[in-house]
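*Asks:* If you scroll down you'll find the structure; I have some questions about it.
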Amino acid sequence: MPFWGLQKQLGIDVDSWLVRQSMPQPYGQAAVCHAFEREWVECGHGLGQTRARRECQLEYEDFMECMNRTKLAKRLRTILEQRDRMIKEGKYTPPDHHMGKEEPRP
């Protein structure tokens, strides 16, 4: 608890700027990654930066995956590479509607 509540006196909330998903959201709904961010913040609360980086690594990785979707993008890239490889080898033929050859519409 701070001795002098400057944020409260000025009417600003710096904490909400630091924590992205916890800010007030439009229509009063929680943000997509709010749960992951909350777990990460609760894990690191009171530990200190160095210790929190070590002990809360899993929560941080989950939060970053929710925000950036890097693992998902890598997985999709791998699937598309495998599909292209199978097409090249002749083991897979994509449907016509995936190749842009649709039936003419009336």
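*Asks:* Compare V32, V41 by solvent-accessible area with a 1.4 Å probe and give them largest first, with all protein chains kept in place. Before the final figure, lay out each step's value.
*Replies:* Values: V32 120, V41 65 Å².
Accessible-area ranking of V32, V41, largest first: V32, V41.
*Asks:* Sticking with this structure for a sec: With all protein chains present, calculate the accessible area of I87 using a 1.4 Å probe and round the result to the nearest 10 Å².
*Replies:* Answer for I87: close to 70 Å² accessible.
*Asks:* Oh, and also: By how many nm would the segment from R53 to D96 lengthen if fully extended, with 0.36 nm per residue of separation less the alpha-carbon distance? Don't skip to the end; give the middle numbers.
*Replies:* Details: separation 43, 0.36 × 43 = 15.48 nm, distance 4.98 nm.
Using 0.36 nm per residue and subtracting the Cα-Cα distance, I get 10.5 nm.
*Asks:* To the nearest 0.05, how large is the calculated FRET efficiency for L72 and Q9 if R₀ is 41 Å and r is the Cβ-Cβ distance?
*Replies:* Values: r = 44 Å, r/R0 = 1.07.
Working from the Cβ atoms, E equals 0.40.
*Asks:* Using a cut-off of 15 Å between beta-carbons, work out the net charge of the residues near L47 (Lys and Arg +1, Asp and Glu -1, L47 not included). Spell out each step's value before the answer.
*Replies:* Details: positive: R51, R53, R54; negative: E39, E42, E55, E59.
Cβ neighbours under 15 Å give a net charge of -1.
The values are calculated or read from the model by the stated rules, or taken from the named source; none is laboratory data. Since this is a predicted model, take the numbers as computed values, not measurements. So basically every Cβ, Gly included, is an ideal-geometry build from the backbone, and we count neighbours across all protein chains shown. These area figures cover heavy atoms from the full protein model, side chains too; ligands, DNA and RNA do not enter into them. Shrake-Rupley method; radii C 1.70, N 1.55, O 1.52, S 1.80 Å.
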